[in-house]
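Encoded as structure tokens, the structure appears first; notes follow it.
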Amino acid sequence: MNGQTVFNLNIFFDESGKNSSDRPHLMGALAIPEEIYLRSEIEDLNQIIRNKKLHWVDYKGDSRERNTIWKIIKQMMNYQELIKMNVFNYDQTIIKMNARDFTDVDPSLFFSSIYMKLPERIVYGLLRKFGTHLQVNTHIFIEDAEEYRKKEVQLAETLPKQLNVQAIYRGENYKIKSSKYVPKQQQVGLETIDLLLGMIRTIIKNSGFNNSEGSRKNREQVSLVIKLLKDSNFHSFLKNIKYYEWSNTYELNELDFNNYLNHL
């Protein structure tokens, strides 16, 4: 549109705890301006992750993994004021229970309820209210996973259409230009959202408890998070994420994530 400045934005989507019976189940997205993402120091991180497979759930204290995680988080947090993150903590068991009443109509509604509605709300929250003088061209990167490719979901195909419809009828100045599945070790943005969601899940599960308890893996994860929180950029970023919890209500409850940080 005339008079608008084009702003390119990359959004990275992932989950934590999705295949676990152990709550919480987290879903989140990280928005990074493309100008930041294309900087040489971020591209250097892309080279690192292509040679080192990372997954927070597998971290048990290995020094090489710790150094890699530390480097990624510290480098990304240099831009924490320009990066936004939305996180949903949802109760998967309630959705599964509610979906049982619809199995005679459509047995796929459990997956549809999770992977069609929630991702749309998460990503939309990162795109709204940019202002009338910006045209936000957005590229979405989704970690390649079987759940998202299911016929009843097809997240990379359905998400852009849903969001572009939202932009039209809400009068928002964004446009989804592309959406694609990306394998592990290809995009540091996806590795970062994986790490951040894993850390947030660790914080929620361990708030108010003695971090000397539990498995060695849990102790190592808590220990690393506590060390990272001493970095003011990382602490400020987590304190200011948009964090929501949903159980079985019409509305999402936005909560102050700093309450969890204060009790770790």
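Data overview
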quantity: Some residue of region 66-75 being hydrophobic (A, V, I, L, M, F, W, C), open to solvent by 20 Å² or more (accessible area, probe 1.4 Å) and touching a strand residue (DSSP E or B) at 6+ places or on another chain (Cβ under 9 Å); calculated: no
quantity: Residue check for residue 254: open to solvent by less than 70 Å² (accessible area, probe 1.4 Å), of a type in the set (D, E, K, R) and either at pLDDT 90 or above or not in a helix (DSSP H, G or I) (or both); calculated: no
quantity: Condition met for residue 205 (among the charged types (D, E, K, R), touching a residue at least 60 places away in the same chain (Cβ under 8 Å) and assigned to a helix (DSSP H, G or I)); calculated: yes
quantity: Residue match in region 117-126 (condition: assigned to a helix (DSSP H, G or I), more than 25 Å from residue 183 (Cβ to Cβ), in contact with a helix residue (DSSP H, G or I) (Cβ under 8 Å, 6 or more places away or on another chain) and at pLDDT 90 or above); calculated: yes
quantity: Test set (1) of a type outside the set (Phe, Trp, Tyr); (2) under 27 Å from residue 5 (Cα atoms); (3) touching a Lys or Arg at 6+ places or on another chain (Cβ under 7 Å) - residue 224 fails condition number; calculated: (2)
quantity: Output for region 44-58, where each listed residue is among the charged types (D, E, K, R) and open to solvent by less than 70 Å² (accessible area, probe 1.4 Å); calculated: 52
quantity: Members of region 79-100 found to be modelled with pLDDT of 60 or more, of a type outside the set (Lys, Arg) and in a helix (DSSP H, G or I), listed by number; calculated: 92, 93, 94, 95, 97
quantity: Region 5-39, residues that are modelled with pLDDT of 95 or more and open to solvent by 60 Å² or more (accessible area, probe 1.4 Å); calculated: 35, 38, 39
quantity: Residue among 132, 138, 103 that alone is among the polar types (S, T, N, Q) and at pLDDT 85 or above; calculated: 138
quantity: Selected residue (criterion: modelled with the highest pLDDT) from residues of region 167-198 that are more than 22 Å from residue 35 (Cβ to Cβ) and surrounded by fewer than 19 Cβ atoms within 10 Å (Cβ to Cβ); calculated: 181
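The values are calculated or read from the model by the stated rules, or taken from the named source; none is laboratory data. What you see is a predicted model, and the numbers here were worked out from it, not measured in a lab. Cβ: placed from backbone, ideal geometry, glycine included. Neighbour counts: every protein chain shown. SASA here: full protein model, heavy atoms, side chains in, ligands and nucleic acids out. Shrake-Rupley method; radii C 1.70, N 1.55, O 1.52, S 1.80 Å.
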